[in-house]
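The block underneath contains the structure these notes are about, expressed in structure tokens.
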Amino acid sequence: MLETWIIASNVFRQLLRNRILVVLTLCALGMVGVVAFLGDLGQEAELRLARDFGLLALEWVGFFTVLLCHVVLLFEESELKTYSILLVKPVERWHVLLGRTVGAVLLMLMNQAGMLVLLALLAWWRGLPIVDSDLVVAAAYLAAGGALFSAVTAFFSVLASSVPAAAMFSTFAFGLGHFTTNLLEWVEHLDNPVLAAAVKVLYWITPNFSLFNLKENLDQSGANVFLGGVFFWPLAYAACYGALLLSLALWRYERKDF
Amino acid sequence: MDEDVLAFEGVSKRYRTGDFWRPLKAQAMRQVSFSLRKGEVFGLVGLNGAGKSTLMKTAVGLLHPDEGTVRLLGSDPRDRRARRRLGYLPELPYFPGYLSAVEVLVYYGQLHRLPRAALKRRVLDVLAQVGLEQAAFDPIRRYSKGMQQRVGLAQTLLHDPELLLLDEPMSGLDPLGMKEMRDIILAQRAAGKTIFFNSHGLAEVERICDRVGMMHRGRLVLVDSVPALVSRHQSTVTLGFEGPEDLGPRLAALPWPSALENRLWRVQAPHQDLGAAIRALEPLAGKAPSVLSVGSPLETAFLQALAQEDAHA
């Protein structure tokens, strides 16, 4: 596992130095500013809106961070052939794949944590009740969703034949993953049994990112997001689904020619 | 000198070249068998697309053979223990431009589990060895192509491997850089390392190698020791002169091959026929022909091997 950690920390450092991600960080800071501005309006509805927008900003920054990380790494692998050196070092291919996935997650966590801290500081300075323990827990769930998305992107980056294709499939999975419950509702309205079965299969194989969105729980004032099975189920789901995807990706990666 | 550190047995490799709806396959390597002995320097030569890089990538486990077996230091090329003892320089290596050579090498040193305390010292020593001590901490984006090649060589030497596989090591280097690369290879040979490298430069191969292999259209058409090849083949001299096209039939009657390029007739004769060739060409040219180039015996061997392979095909 030491090799995985060495690769992950190098990926993290490499991505941190990449200028593309500086733009993303600026966007993240801008979004935090908007959240603070919304909260500044002072009404209860605006405060809720500010918290919702804060979570949305965290989710989108996480999504773009992970996607860009994998795109940069995949570009370097496929176009610049950097892996022709790395894969000949005394490392297993699973070290490389897992290291890449973990490195992207580390950067996403750093971005999200930075946004959250900045938001908390701004809220504290302005005396606004935007950041509380519930928001932090909701942000942690989004981070779990982001980690799962890193596994999804790693999976498509191994399977797809080009960088744009990998980015497109990953984005599609992310988008569809927010509407999995709608897929089930759709099945109930379908008359064609074949189409209904196909949509049901799509429901089962699509990563369910809506599980990590606790905005609804936060909206009900005083609701405790720790209650019931809400707490463990999404984390267990992210761990199992992510492990399955990475295993499939590794199976292919082991056989890949470079 | 008789232990095989790299062995290919009947290895073939095909690449998928078409699209998924129209799959095509190109044969990059056909039934390649050879072995690399401990302590020798082996040069692999061939035209572009001959399959040299495919062979190299198969040797280090980046490509999987469709047929045959490859043994690297007595193990499968994917075995980490074998790769711990291997140094590999890919053709035109690329490193992230925002990292410095020191950072890149420390990273690779960590993967080789080099002792942490000595790692930085070792990195600086190797960078000095390849002539990069002045730029060691600069971002690699400021490096020239030749400097990046040196970083590639430095990562190859970092863990003091017993086997070096170098894919076009002279590529991107200026004449001074080529000389330094040659000196490094010779120093590694003197230290008892086994070296296998690809090259287009026959002169380099002749100067450095104990044995040479020649690849053509995916086949290893010739493997022999350099002294044996040099003793069996003559060097050739290319003579040239300006003349009209209608000299063709008269030149064809001579015992040496000729060709017209941009109104310049080129005649290739063995070194021992030089006097006779000059005397024969002087009346046609109206003056003594110029010596355009002198080809090595290895070049003669290479061209003959290619011609024989093409004739069989």
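The values are calculated or read from the model by the stated rules, or taken from the named source; none is laboratory data. None of the values given here were measured: they were computed from a predicted structure. In this analysis, Cβ positions are derived from the backbone assuming ideal geometry, glycine residues included, and neighbour counts consider all displayed protein chains. To get the accessible areas, we keep the full protein, side chains included, count just its heavy atoms, and leave off ligands, DNA and RNA. Shrake-Rupley method; radii C 1.70, N 1.55, O 1.52, S 1.80 Å.
Points worth noting:
- Search result, residues across segment B:75-95 that are at the interface with chain A (Cβ under 8 Å from one of its Cβ atoms) and open to solvent by less than 50 Å² (accessible area, probe 1.4 Å): B:R83, B:L86, B:Y88, B:P90, B:P93, B:F95
Yes or no, residue by residue, for (1) modelled with pLDDT under 85; (2) closer than 30 Å to B:L72 by Cβ:
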{"site": "B:M215", "(1), (2)": "no, yes"}
{"site": "B:L222", "(1), (2)": "no, yes"}
{"site": "B:S225", "(1), (2)": "no, yes"}
{"site": "B:D246", "(1), (2)": "no, no"}
{"site": "B:R250", "(1), (2)": "no, no"}
{"site": "B:W265", "(1), (2)": "no, no"}
{"site": "B:G295", "(1), (2)": "yes, no"}
{"site": "B:L298", "(1), (2)": "yes, yes"}
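- Condition check for B:L119: in a helix (DSSP H, G or I), within 14 Å of another protein chain (Cβ to nearest Cβ), at pLDDT 90 or above and surrounded by fewer than 20 Cβ atoms within 10 Å (Cβ to Cβ): yes
- A single entry from B:V70, B:V106 fulfils the requirement of being assigned by TED's automatic domain parsing to the domain that holds B:Q149, under 30 Å from A:L15 (Cα atoms) and modelled with pLDDT of 90 or more: B:V106.
- Subset of segment B:7-30 that is assigned to a strand (DSSP E or B) and among the aromatic types (F, W, Y) - its residue that is surrounded by the fewest Cβ atoms within 10 Å (Cβ to Cβ): B:Y15
- Within segment B:241-297, tally of residues that are open to solvent by 80 Å² or more (accessible area, probe 1.4 Å), without any contact (Cβ under 8 Å) to a residue 40 or more places away in the chain and closer than 25 Å to B:A203 by Cα: 5
- In segment B:52-74, residue most open to solvent (accessible area, probe 1.4 Å) [restricted to those that are out of contact with any helix residue (DSSP H, G or I) (no Cβ under 8 Å at 6 or more places or on another chain) and within 14 Å of chain A (Cβ to nearest Cβ)]: B:D66
- Residue pairs whose Cβ atoms lie under 9 Å apart, sitting 6 or more positions apart in sequence or on different chains, and linking a residue in segment A:3-21 that is without any contact (Cβ under 8 Å) to a residue 40 or more places away in the chain and more than 7 Å from every other protein chain (Cβ to nearest Cβ) to a partner that is in a helix (DSSP H, G or I) and of a type in the set (V, I, T), do not occur here.
- With respect to the conditions (1) out of contact with any Leu (no Cβ under 7 Å at 6 or more places or on another chain); (2) of a type outside the set (S, T, N, Q); (3) assigned to a helix (DSSP H, G or I); (4) open to solvent by 10 Å² or more (accessible area, probe 1.4 Å), A:W94 lacks only one, and its number is (1).
- Checking B:A128, B:A101 one by one, the residue that is more than 10 Å from chain A (Cβ to nearest Cβ), crowded, with 18+ Cβ neighbours inside 10 Å and more than 21 Å from A:F258 (Cβ to Cβ) is B:A101 and no other.
- The number of residues in segment B:61-102 that are touching a strand residue (DSSP E or B) at 6+ places or on another chain (Cβ under 8 Å) and closer than 19 Å to B:M170 by Cβ comes to 4.
- Unique match (being in contact with a Leu (Cβ under 6 Å, 6 or more places away or on another chain), in a loop (DSSP other than H, G, I, E, B) and not small (G, A, S)) among B:Y94, B:Y88, B:Y98: B:Y94
- Some residue of segment A:69-87 being assigned to a helix (DSSP H, G or I), free of Cβ contacts under 8 Å to residues at least 40 places away in the same chain, among the β-branched types (V, I, T) and closer than 30 Å to A:A160 by Cβ: yes
- Flag for A:A120 being over 21 Å from A:L250 (Cβ atoms), open to solvent by 30 Å² or more (accessible area, probe 1.4 Å) and among the small types (G, A, S): yes
- Residues in segment A:17-31 that are within 17 Å of the chain's Cα centre (by Cα) and more than 15 Å from A:L56 (Cβ to Cβ): A:L21, A:L24, A:T25.
- When restricted to residues that are modelled with pLDDT of 90 or more and touching a Gly at 6+ places or on another chain (Cβ under 9 Å), segment B:154-187 contains 12.
- Residue match in segment B:104-116 (condition: surrounded by fewer than 19 Cβ atoms within 10 Å (Cβ to Cβ), hydrophobic (A, V, I, L, M, F, W, C) and either in a helix (DSSP H, G or I) or without any contact (Cβ under 8 Å) to a residue 24 or more places away in the chain (or both)): no
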